[in-house]
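Notes for the one structure printed next.
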Amino acid sequence: MEQEHHTGHFACHSCDVSLTGQRYILRDDEPHCLACYEAKFANTCEQCKEKIGCDSKGMLKPEVGITSLIRDASEPIRNAVYTSSQQSNVRFHPSCPMPYILGPGYSVGQAWQCDTIKDLSFKERHWHEKCFKCSACTTSLADRPFATKEEQLYCSDCYDERFAARCDGCQGVFKAGMRKYEYRGQQWHEECFLCVECKQPIGAKSFIPRENQVVCVPCYEAKYAQRCTKCSEVIRRGGVTYKGNPWHKECFTCTSCSKQLAGLKFTSKDEQPYCADCYGELFAKKCTKCTKPITGFGGCKFISFEDRHWHSECFLCGKCNSNLVGRGFLTSDDMIMCSECGR
């Protein structure tokens, strides 16, 4: 509740100077003359280092002819500027251009009206309105967007020019709210992040890097992607390379039976791949004894004599069935024999 002050004893709480007919400020319901209030409570301007005085919270100018109630203020107004007279107390919000009058029904011959100069604050720092300006171009920042760098104030244009990240495409700055694309330590505006081939913005589409450039998928497939030796379509994943030629996994099949060869033993004939079974049946020599193909797969050894061929395990004496690999042998018609049986 606000205290009542008798006009004969109405004095500054700090210095005891009479406040009758003077301007004063209430602080915690105690009246202070302007000088004491500024010395004790006023903020200091970051720019000019001067106190931001009461006039900055409501510079008072006389206005004559107000003879009726202007506004009723039954609630307390903290840190307001007051003037005292025999007729009434007239008080002002620090940022309000209209006087408040204590109690209804007063008739005032002379009142005071606020001509506001703002005390501007940011992160517990304060400035006069006239001092709140860009440290680079000195443009007033009151009611304008601004940014800080190392405790210095900058308008948005000066901040962008000095400190904002720049596009690796056009070297222009990234302003607030702009979409930024980043890749391998570089950054672009949305309209500057282009396919090196078709020059169209990549946006949210997939792309493929090529020689420190980015290429959209359609352009990459048209110009650079590997194509299958069999079907000539682009190989996007799961490819197989054989003798320097790329294939889709599903296209790399036996030329004869079309079995997929991935993970199987295979060989080639006239640059065409064949599975081991088809190659043996179609092209391999046949063993004279068992008539099965001699393919050489798995380190298989074989013996050739004249126009006949044997697996090493099939090269046996026709009489005693002993293995003849590394031994002397004799022939009799189509039979081969060890030297003992041939005597």
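Considering the range 316-343 alone, what residues qualify as being of a type in the set (Val, Ile, Thr) and in a loop (DSSP other than H, G, I, E, B)? Within the range 316-343, VAL325 is the sole residue that qualifies. Based on this model, can you work out whether TYR159 counts as part of a helix (DSSP H, G or I), in contact with a Lys or Arg (Cβ under 9 Å, 6 or more places away or on another chain) and surrounded by 18 or more Cβ atoms within 10 Å (Cβ to Cβ)? Taking the combined requirement at face value, the residue satisfies it.
Annotation note: of PRO293, PRO273, PRO246, the sole residue that is outside the structural domain of LEU316 (by TED's automatic domain parsing), within 24 Å of SER312 (Cβ to Cβ) and in contact with a strand residue (DSSP E or B) (Cβ under 7 Å, 6 or more places away or on another chain) is PRO293. Name the single residue, out of those in the range 251-305 being in a loop (DSSP other than H, G, I, E, B) and among the hydroxyl-bearing types (Ser, Thr, Tyr), that is surrounded by the fewest Cβ atoms within 10 Å (Cβ to Cβ). Here the answer is THR291. The set of residues in the range 306-315 being at negative phi and surrounded by fewer than 13 Cβ atoms within 10 Å (Cβ to Cβ) consists of ASP307 alone.
Say whether the condition of being of a type in the set (A, V, I, L, M, F, W, C), modelled with pLDDT of 90 or more and touching a strand residue (DSSP E or B) at 6+ places or on another chain (Cβ under 7 Å) is met by at least one residue in the range 221-229. Yes.
Taken together, GLY326, GLY318 contain a single residue that is surrounded by 12 or more Cβ atoms within 10 Å (Cβ to Cβ) and over 23 Å from LYS243 (Cβ atoms), which is GLY318. Per this entry, TYR183 is counted among residues that are of a type in the set (Ser, Thr, Tyr), under 19 Å from the mean Cα position of the chain (by Cα) and loosely packed, with under 15 Cβ neighbours inside 10 Å.
Here LYS243 clears all of (1) of a type outside the set (Val, Ile, Thr); (2) more than 30 Å from PHE207 (Cα to Cα); (3) loosely packed, with under 12 Cβ neighbours inside 10 Å; (4) touching a residue at least 12 places away in the same chain (Cβ under 8 Å) except the condition numbered (2). Mind listing just one residue for me: the one in the range 186-218 that is in contact (Cβ under 8 Å) with a residue 24 or more places away in the chain and among the aliphatic types (A, V, I, L, M) and, of those, surrounded by the most Cβ atoms within 10 Å (Cβ to Cβ)? My answer is VAL214. In the range 131-155, the residues that are at positive phi form Cβ pairs under 9 Å with partners that are surrounded by 13 or more Cβ atoms within 10 Å (Cβ to Cβ), at six or more places apart or across chains, as follows: GLU151/GLU46; GLU151/ARG125.
The values are calculated or read from the model by the stated rules, or taken from the named source; none is laboratory data. Just so we're clear, the structure is a prediction, and the values are computed from it rather than from any experiment. For neighbour counting, all protein chains shown are included, and Cβ atoms are generated from backbone atoms with ideal geometry for every residue, glycine included.
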